[in-house]
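Trainee: One structure coming up, written as structure tokens, with questions to follow.
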Amino acid sequence: MKIFETHAHYDDEAFDKDREELINSFCDNNIYAVTNIGADLAGCRATMELIKKYDFFYGAIGIHPSDVEDLESFKDDEKALSILRDMALSHERVVAIGEIGLDYHYDDTDKILQEKWFVKQLDLARELNLPVVIHSRDAAMDTIDIMKREKSEDIGGVIHCYSYSKEIAKIFLDMGFYIGVGGVLTFKNSKKLKETVAYAPLERIVLETDSPYLAPEPYRGKRNSSLNIPYVAEELANIKGVSVEEVYEVTWNNALKLYNISDDCETSK
Ligand code: NI
């Protein structure tokens, strides 16, 4: 049994006290692959350090819509992009550009700036032939408009922490994207996500945590880690009417396809 954690932030300060100990416990808990996701520039640099240190770690390099000021502050868009490009090219276990997208949750959102860097990072992914990890919150229609305009179906990737309806899921699935599912699936009020998961083929779902955020029940509100994936997998197995083992096997293969990881470069641990 092998678990692929497709989305976590182990660079987060929430792990400063026990990061090494926690990560070293993963193999004993069937977590055989982890993709650490960059969200700001410091997080991207820390992601590079993590993938150099742990050979079962993969990395995504990109700037979250709420952190695009990190790129804007260079006052030189090409220079800012070249920093991301150089990082992505510097290691073979950088497997995606992300997380990138739109987040309209907060009132002070600069939509124009978010769109600008979403498009530029989609272009970077296309240039580097890497899939994208999409963060989209309260911005479904604009996300779809931009992705269609930019022909993102040619790029591929995952809609991480999927939070929209099953009707919208159909649009992303039709574009070839995977749906990232984590702790929210175990929440009592997650009716919409449960419907989406019932609708989407298991072959298009990947397991994630977004650690340290979004811990599943019964740990809701606490620090999350990949060790909590079984709570999500059990809920997913229930909804799909399959065994947990099947969920792990199918989602493991989905993650390899999503991140274009070939079996022979898969970790032997
Ligand atoms: Ni995230």
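Coordinate-derived values only; no laboratory data. Please read all numbers here as calculations on a predicted model, not as lab measurements. Cβ atoms come from the backbone with ideal geometry, glycine included; neighbour counts cover every protein chain shown.
Trainee: Consider only pairs whose beta carbons are under 9 Å apart and that are at least six residues apart or on different chains; among these, list those whose first residue lies in the stretch 37-59 and is over 16 Å from ASN24 (Cβ atoms) and free of Cβ contacts under 8 Å to residues at least 40 places away in the same chain and whose second residue is within 14 Å of the ligand (Cβ to nearest atom) and part of a helix (DSSP H, G or I).
Mentor: ASP40/SER66; ASP40/ASP67; GLY43/ASP67; GLY59/CYS44; GLY59/THR47
Trainee: Going through THR35, THR6, THR47 one at a time, which residue ends up being part of a helix (DSSP H, G or I) and surrounded by 22 or more Cβ atoms within 10 Å (Cβ to Cβ)? Can you show your working first?
Mentor: Working: THR35 fails: part of a helix (DSSP H, G or I); THR6 fails: part of a helix (DSSP H, G or I).
Going through THR35, THR6, THR47 in turn, just one is part of a helix (DSSP H, G or I) and surrounded by 22 or more Cβ atoms within 10 Å (Cβ to Cβ): THR47.
Trainee: I need a count of the residues in the stretch 64-87 that are assigned to a helix (DSSP H, G or I), over 18 Å from the mean Cα position of the chain (by Cα) and polar (S, T, N, Q).
Mentor: Number satisfying all stated conditions: 1.
Trainee: If you take the residues of the stretch 240-249 that are surrounded by fewer than 19 Cβ atoms within 10 Å (Cβ to Cβ) and either among the β-branched types (Val, Ile, Thr) or within 20 Å of the chain's Cα centre (by Cα) (or both), which of them is nearest to GLY157 (Cα to Cα)?
Mentor: Filtering the stretch 240-249 for residues surrounded by fewer than 19 Cβ atoms within 10 Å (Cβ to Cβ) gives 240-246, 249.
Still in the running and either among the β-branched types (Val, Ile, Thr) or within 20 Å of the chain's Cα centre (by Cα) (or both): 242, 244, 249.
Working: VAL242: 25, VAL244: 24, GLU249: 19 Å.
Going through the qualifying residues, I end up with GLU249.
Trainee: Kindly provide the set of residues from the stretch 173-185 that are crowded, with 18+ Cβ neighbours inside 10 Å and in a helix (DSSP H, G or I), ordered by number. Spell out the reasoning first.
Mentor: The first filter runs over the stretch 173-185 and keeps only residues crowded, with 18+ Cβ neighbours inside 10 Å, leaving 173, 175, 177-185.
Passing the criteria: LEU173, GLY183, VAL184, LEU185.
Trainee: Answer yes or no: is there a residue in the stretch 88-108 that is among the charged types (D, E, K, R), within 16 Å of the ligand (Cβ to nearest atom), surrounded by fewer than 16 Cβ atoms within 10 Å (Cβ to Cβ) and not in a helix (DSSP H, G or I). Even if it seems obvious, please write down each step before you answer.
Mentor: Initially, the stretch 88-108 is screened for residues among the charged types (D, E, K, R), giving 92-93, 99, 103, 107-108.
Then drop every residue that is not within 16 Å of the ligand (Cβ to nearest atom), which leaves 99, 103.
Filter once more, keeping what is surrounded by fewer than 16 Cβ atoms within 10 Å (Cβ to Cβ): none.
No, that holds for no residue.
Trainee: If you don't mind, another one. Of (1) among the polar types (S, T, N, Q); (2) surrounded by fewer than 24 Cβ atoms within 10 Å (Cβ to Cβ); (3) within 16 Å of the ligand (Cβ to nearest atom), SER211 satisfies all except one. Which?
Mentor: Among (1) among the polar types (S, T, N, Q); (2) surrounded by fewer than 24 Cβ atoms within 10 Å (Cβ to Cβ); (3) within 16 Å of the ligand (Cβ to nearest atom), SER211 violates only (2).
Trainee: On to the next question. Filter the stretch 123-139 for residues that are over 16 Å from SER66 (Cα atoms) and touching a residue at least 24 places away in the same chain (Cβ under 8 Å) and give the result.
Mentor: ASP123, LEU124, ALA125, ARG126, GLU127, LEU128, LEU130, PRO131, VAL132
Trainee: Just for the stretch 60-81: of the residues that are among the small types (Gly, Ala, Ser) and away from the ligand (no atom under 13 Å from the Cβ), which one is nearest to THR109 (Cα to Cα)? Before you say what the answer is, go through the steps one by one.
Mentor: Narrowing the stretch 60-81 to residues among the small types (Gly, Ala, Ser): 60, 62, 66, 73, 80.
Next cut, away from the ligand (no atom under 13 Å from the Cβ) only: 73, 80.
On the way: SER73: 17, ALA80: 21 Å.
The qualifying residue nearest to THR109 (Cα to Cα) is SER73.
Trainee: I would also like to ask the following. So how many residues does the stretch 5-52 have that are more than 15 Å from GLY98 (Cβ to Cβ) and away from the ligand (no atom under 16 Å from the Cβ)?
Mentor: The total comes to 21.
Trainee: OK, next. Pick out the one residue from ASP40, ASP16 that is crowded, with 16+ Cβ neighbours inside 10 Å and either under 16 Å from the mean Cα position of the chain (by Cα) or farther than 17 Å from SER66 by Cβ (or both).
Mentor: Working: ASP16 fails: crowded, with 16+ Cβ neighbours inside 10 Å.
None of the others qualify; the one that does is ASP40.
Trainee: Still on this structure, I have one more. Please determine, by comparing only the residues of the stretch 130-157 that are assigned to a loop (DSSP other than H, G, I, E, B) and acidic (Asp, Glu), which one is farthest from ILE61 (Cα to Cα).
Mentor: If we take residues in the stretch 130-157 being assigned to a loop (DSSP other than H, G, I, E, B) and acidic (Asp, Glu), then ASP138 is farthest from ILE61 (Cα to Cα).
Trainee: On to the next question. Can you pull out every residue in the stretch 138-172 that is within 16 Å of the ligand (Cβ to nearest atom), of a type in the set (Gly, Ala, Ser) and buried (at least 22 other Cβ atoms within 10 Å of the Cβ)? Outline the logic, then answer.
Mentor: Here is the first cut: in the stretch 138-172, the residues within 16 Å of the ligand (Cβ to nearest atom) are 138-139, 143, 157-163.
Applying the additional criterion that residues be of a type in the set (Gly, Ala, Ser) yields 139, 157, 163.
Result: ALA139, GLY157.
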